[in-house]
Structures are given as C-alpha cells and as structure tokens.
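Student: After the structure tokens below, expect a handful of questions from me.
FYI, it's all coordinate maths here, none of it is from the lab. In this text, all values refer to a predicted model and were calculated from it rather than measured experimentally. Glycine also receives a Cβ, built like all others from the backbone with ideal geometry; neighbour counts cover every protein chain displayed.
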Amino acid sequence: MLDLSTTDLIKMPNTRHTNYECKLHNTAAIDSKWQTNIHHVLKKRFLFLLHVLCVLALTHSSMHAQRVFTSFDELWAYTNENSTTIKSGAIKLDQAQRAKLAAIASIADLNGNATLQVTNNTKLPVSIFPAEAFGGTPGTYQEIQTGVPYVNNLNQYAEVKLVNLTGWQNFKLAKINTNITAVENTISQKNLYENIAATYYNIASLQQQLLLAKKNVAIADTLAQLVKNKYEEGFARFQETNTAQINLLNAQETVVQLEYVIQQQYIALKILCDIPDTDKIEIQQQLNPNTNGGQVNVLPNTINMRNNQLREMYALTFYQQQKRSLFPTLSAFASNSNQQFSNNFSLFDQQVRWINSNYIGLKANWFIPSANTISQISKSKYDFLLAKQNTTHAILQDDFESQQLQIELAKTNAQMYRYQQIMLLQKDNYRRDLENYQKGILPLDQLLTSYTTMVNGEYNYNASIASVMLAQQKIKINNLIQ
C-alpha cells in the first residue's frame, strides 16, 4: 500500500496547472497576432478609401470648372474656340463649298446606267401556223411554240450634255452662294461679339453697382442709427425713425435685386458664349475706360455692303438662269447592248455567243415654257431690282454706322466726364447736409433726398464708365471683323 504524506503532495508538480498556463500564453500570443493583422488590414482599407475619395473630389472639381475672365479679350478667345455659332458657320461654309463642286459636275451632267437582265421564259408563247406548211391538211392550223427559254441582256447607256446654259448658271449661283455664306458667317460673328460685349460690360457695371449698393447700405444703416439716437434724446420724431428704417430697407432691397440681375446676366453670357452650366464663371473686369486704349479710330466696315452686293449678284444670276432655262440643251448619248439566247440556264454559256448592238447620237431637248415658268422669270426679275435697291441702302448704312460708332464714343466720354463732376458735387452736398442734420439745422427728409441723389450719381457715373468701355469695344469689333 502506497502512503503519501501531505508534504509529498505539496512537493509534487502540478502538471495540469502548468499546461493550462502554457495554453493561456499561446492563446494570448495568437490573439495579439490576430489583432495586429486586423489593424493592418483596416489601415490599408482606410488608405484605399481615402484615395478613392480624393479621386472623386478631383473629378468633381474638374467637372465643375471655375473660369475667371479679367478682360474681354480672354472671353473673346474662349468664345472663338467653343462657340457653336462659329462652328455652325464653318459647317455651313463647308456645305456651300461641296455644293459648288457638285455644281461643276452638273454642267456636263454626265449620267448613265448599266443593267444585267436574266430571263427565264417558264412558258413559251404559242403561235398558229397553216398546217400544210408542215405537211398537214390544207385549211387547218397547227400550234407551234416559239422563242428561247433563257435570255440574257447586258445593256450600257451614257449621256453627256454638250450645251447646258442652265448648268453654267447653277455653277455661278453655287460660287456666289459660297461667298454669301462666308460673309454671313462674318456678320454672325460680329453680331455675336457685340451682344457678348454688351452683356459682359453690363455685368461689370452691375458688379460695381453692387459694391456701391453694399456701401450705401452701411451709410443708410448709419443714418438709421443716427436718427434713432436723436429720437431717444428727444430731438427727432418717431416717424423720422420709420423713414430712416424705410430708407435702409430700400438700400438692402437694391442689393438683393442687383444680385438677382447679375445672376440672370451670367446665364445670358453663358448662353452667348456656350459655356456649360456646370462651369462657374466670374468677371473681374475693372471699370477703367483707359484699359481699352482711350480713343479708338473707326475704320470703314463694308461687310453689309458686300453682303448685299453678293445678294444682288445672286438675284441677277438667278434671273438669267430662269431665262436661259428656256433655251434647249444639246446632249451626246451612246448605247451598247449584248444579248444571249440559250436553251440551258447559264449566265455565261461558252457555247452560245453574245449578240452585240450599239448606237450613238445627239439629242436636243427643249421644254415648252408653262405659265408657272413665265411667272418665276417675272418674279426673279423684280427680286433682282429689289436687291439692287438694298445694295444702294447698304452702302449708305455702312457709312452711317461708322459715324454712329464715333459719335457714340464721343457722347459716352462726355457723359462720363459730366457724371463724374456731378457725383463729386453730390457727395460734397451729402457730406454738408449730414453735418447740418447732426447740428439740427436740416430736416431728415432733405438729408434723405441728398442721400438718394448721391447714390444715383454714383450709379450714373459707374454706368457711364461701362458705356465708354462698351463703345470702345464695339469699335474694336468693327475694325477687326470685316
């Protein structure tokens, strides 16, 4: 019998407890390694997500571009590259040039055709002949099938006009139409840039007015506070505080309305320049009439005269074409035919020859004029006479438009100079009226009248500067686009 004392029991190693501690140690090591891996994976996923967000942000910012124009020339360069009006004009000109090439080919008006016909006579026709011709009974008839089961036909035909007065007139019309298209494209560009210039400088003027309006809100707020203080001191009536508050509200409303009008003008500018709606644009034009070079000499612009002269030539040529359509045309023609008769179905039977036939000739063709033709000739004659009068008017109009541009520039310059003097005097009056009001010498209504007059004077002077710059830009457009 084995006897173990308590001391021996204490000294014996606890193998179960030791194994449990090893398992705990191994489990902790595994947990630590797993947590490290998880942390590394989450970090990589976070960096990937951050990279995707950065790419999306850059893409979004590129889709919504910010375009800033500090001068009209910058906007001109953008429009010249992206305008659908200019691109459409190029397409129209290309179309007119191709029409001119087609008109050259229509003078000879070469035409022809080639046909191949394969016929299978599934049931040949029957003819009746006297029977005695075949040894039959006299006075009787015998049915005989005639023809060949298979017939092939190959035909070629060509015709060319030797004398075609109408074709020559068509070529002249196409040539003139090409020149008309080029001139009309130039006119469209000129009108486009004039409209863009008007909108551009209107935005510049409105933005300057907005700055003045915000400044005037601060002045109106100061006036309202001044009246309120005087009312609290017993030197003003309550109605005067209402009047000052109304004046402040009107100044604030002017700011709001100007902001809306500027937004509308930006939309109009985007439409004219074909700027995408997603792009944000900003005009940073400084209102300084000297930035456009001051006085600009007006060069003669004969673009309208050239357009009407070309239209007059077109009307005359069309009138001549209508008259010459009564003249005959002379054509040369040729035909070549080949036939093959066979009892077997074959497109090219080598055992059966082709039978050839051909002919050549001249053909004169003359159309008898109808009532409608005579009416068209008469109408084209009067269209030519009207076009001639339009040309005479266009010559005078071009000269007068050049004078108008010069007068407009002189008028706006004089107006700007006067408005500047008026504005300075009105500012001085307001300063003096404000001092008198603070001293109790001047009533509030006269002070507010002086304030309104000063504000209008600033707006007028600001608008006159924009008018001068617009007049200068119109002269530049007139001199460049001809």
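Student: For region 418-482, what is the convex hull volume of its Cα atoms per residue in Å³?
Tutor: Values: hull volume 3.7 nm³, N = 65.
Value for region 418-482: 58 Å³ per residue.
Student: Could you list SER464, SER83 so that the one with the fewest beta carbons within 10 Å of its beta carbon is first and the one with the most is last? Show your work: numbers first, answer last.
Tutor: Details: SER464 23, SER83 20.
Listed from fewest to most nearby Cβ atoms, that is SER83, SER464.
Student: Could I ask something else about it? Out of the trypsin sites (Lys or Arg not before Pro) in region 390-465, which ones are loop residues according to DSSP with at most 12 other C-beta atoms within 10 Å? Show your work: numbers first, answer last.
Tutor: Details: sites: LYS411, ARG418, LYS427, ARG431, ARG432, LYS439; in loops: LYS439.
Those satisfying the criteria are LYS439.
Student: Using only C-alpha atoms and all pairs of different ones, pull out the Kirkwood radius for region 269-376 in Å with one decimal. Before the final figure, lay out each step's value.
Tutor: Details: mean 1/r = 0.0422 Å⁻¹.
One decimal place: 23.7 Å for the Kirkwood radius.
Student: Going through region 306-362, which chymotrypsin sites (Phe, Trp or Tyr not before Pro) have at most 11 other Cβ atoms within 10 Å and a DSSP loop state?
Tutor: Details: sites: TYR314, PHE318, TYR319, PHE333, PHE341, PHE345, PHE348, TRP354, TYR359; in loops: PHE345, PHE348, TRP354.
When the chymotrypsin sites (Phe, Trp or Tyr not before Pro) of region 306-362 are filtered for loop state and at most 11 Cβ neighbours within 10 Å, PHE345, PHE348 remain.
Student: For the pair ASN155 and GLN351, what calculated FRET efficiency results from E = 1/(1 + (r/R0)^6), where r is the Cβ-Cβ distance and R0 = 30 Å, to the nearest 0.05?
Tutor: Details: r = 23 Å, r/R0 = 0.76.
With a Förster radius of 30 Å, E is 0.85.
Student: OK, next. Give me, ordered by chain and number, the residues 5 or more places off GLN142 or on other chains with an amide H under 5 Å from its own placed amide H.
Tutor: Those qualifying (amide H under 5 Å, at least 5 residues apart or on another chain) are PHE129, ALA131.
Student: Here is a follow-up. Full extension from ASP277 to PHE333: what is 0.36 nm times the residue separation minus their Cα-Cα distance, to one decimal in nm? Walk me through the intermediate numbers first.
Tutor: Values: separation 56, 0.36 × 56 = 20.16 nm, distance 6.10 nm.
Full-extension gain reported as 14.1 nm.
Student: Continuing with the same structure: Could you please rank LEU442, LEU173, placing first whichever residue has the fewest other Cβ atoms within 10 Å of its Cβ?
Tutor: Details: LEU442 16, LEU173 19.
The order, fewest Cβ neighbours first, is LEU442, LEU173.
Student: Label ALA65 and ILE187 with points 7 Å out from Cα along Cα→Cβ: what is the distance between them in nm?
Tutor: 3.3 nm
Student: List LEU409, LEU116 from most exposed to least, where exposure is judged by having the fewest other Cβ atoms within 10 Å.
Tutor: Lowest count first: LEU116, LEU409.
Student: Still on this model: Give the residue list of trypsin sites (Lys or Arg not before Pro) in region 234-327 that are DSSP loop and have at most 15 other beta-carbon atoms within 10 angstrom.
Tutor: Here the trypsin sites (Lys or Arg not before Pro) that fit, given the DSSP loop and packing criteria, are ARG237.
Student: Now for a different question. What's the center-to-center distance, using Cα atoms, between region 433-482 and region 165-218 in Å?
Tutor: Taking the Cα centre of region 165-218 as reference, the centre of region 433-482 is 29 Å away.
Student: At 20 °C and 1.002 mPa s, what whole-number value in µm²/s does Stokes-Einstein give for the translational diffusion of region 321-478, with Rh from the Kirkwood sum over Cα pairs? Each step should come with its number before you reach the end.
Tutor: On the way: Rh = 25.4 Å.
Calculated translational D: 84 µm²/s.
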